[in-house]
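Trainee: Mind looking over this structure? Questions follow.
Bear in mind these aren't lab numbers, they're just calculated from the coordinates by the rules spelled out. Not measured: the values here are computed from a predicted model. Using ideal geometry, Cβ is built from the backbone for each residue, glycine included, and neighbour counts are taken over all protein chains shown.
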Amino acid sequence: MRHGKKFNHLGRTAPHRRAMLSNMATSLILHKRINTTVAKAKALRKYVEPLLTKAKDDTTHSRRVVFSYLQDKESVKALFGEVAEKIAGRPGGYTRILKTGNRLGDNAEMCMIELVDYNEALLKDAKPAKAKTRRSRRGGKSGEETAAVSETKTAVAAEVAETPPVAEEVAEVVEETTTEEVVAEEVKAETVEEVEAVAEEVEAVAEEPVAEAEVVVEEATEETKTEEVKDEAESSENEDSDSEEDDSKKDEEKS
């Protein structure tokens, strides 16, 4: 049996395991995320995070130490270049493991291990960290410190007294806004009255030619009626005269 098993041997010999972790660390640094099993990802995290911390100190010694683990110039250059700038403000915890399910075949638990500072989607959603403050109860304040505190308090009180009260400013702003609203309502009422007056004038102007046309039509009808009456009277007179002439002729013939 294997007593005191401190780490996962991953079913490999020590040289094989070191070579595999070195290659995985190189791939992670160059590609920023890789897919592997959960067991290998946990072993890789213990292997690569000390190298990421070492990259914050860009010296020849640090580069040689990291190169002894990675054995790849391109990955060392990327680690001490862009990766070191990204992780400069992070005190550890440079990698994240996201489980992706089980693998078909042997049902091994799979995951994706990535560098935390290169996942832009999660960085946007993250809230800014609050600054931590420490409070110590040891010792009391000296006389100079108390005097400085009292001076600052008096200065702040004087500034507060000099500043105008906020309530008065708010009341003035409210009064200005109410007067502006009243003026706007009056302007709207005036414009509405002007529009109504213009509409009435337009209607009156439109009704005038209609009334004139009706008067002209009535006059024309009256004239036609009078002419018809005259014609009828003339025709009746002509008939009477013709009948009288006929009677006179008959009388002459009889005589």
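Trainee: Just rank Phe67, Phe80, fewest to most, by other beta-carbon atoms within 10 angstrom.
Mentor: Working: Phe67 14, Phe80 19.
By the 10 Å Cβ count, ascending: Phe67, Phe80.
Trainee: Could you give the spread of the C-alpha atoms of the stretch 1-72 along their three principal axes, from largest to smallest, in whole angstroms?
Mentor: 44, 26, 18
Trainee: With bins 5 Å wide starting at 0, give me the P(r) of the stretch 14-122 over every alpha carbon pair, in whole percents.
Mentor: 2, 12, 24, 23, 20, 10, 5, 2, 1, 0
Trainee: Which of the pairs Lys5/Lys32; Lys73/Lys124; Lys230/Lys250; Lys46/Lys77; Lys124/Lys153 have their Cα atoms more than 29 Å apart in this structure?
Mentor: On the way: Lys5/Lys32 31 Å; Lys73/Lys124 32 Å; Lys230/Lys250 31 Å; Lys46/Lys77 21 Å; Lys124/Lys153 40 Å.
Too far apart for the 29 Å limit: Lys5/Lys32; Lys73/Lys124; Lys230/Lys250; Lys124/Lys153.
Trainee: Relative contact order for the stretch 32-121 using alpha-carbon pairs under 8 Å, separation at least 6, rounded to a whole percent? Provide the component values of the computation, followed by the final result.
Mentor: Values: 98 pairs, mean separation 36.5, N = 90.
Computed value for the stretch 32-121: 41 percent relative contact order.
Trainee: In whole angstrom, note down how far apart the Cα centers of the stretch 76-106 and the stretch 229-244 are.
Mentor: Answer, in whole Å: 128.
Trainee: Treat every Asp and Glu Cβ in the stretch 14-122 as -1 and every Lys and Arg Cβ as +1, leave all other atoms uncharged, and give the resulting dipole magnitude about the Cα centre to the nearest 20 debye. Please list the in-between numbers first.
Mentor: Details: 19 positive and 12 negative charges, 67 e Å.
In total the dipole reaches around 320 debye.
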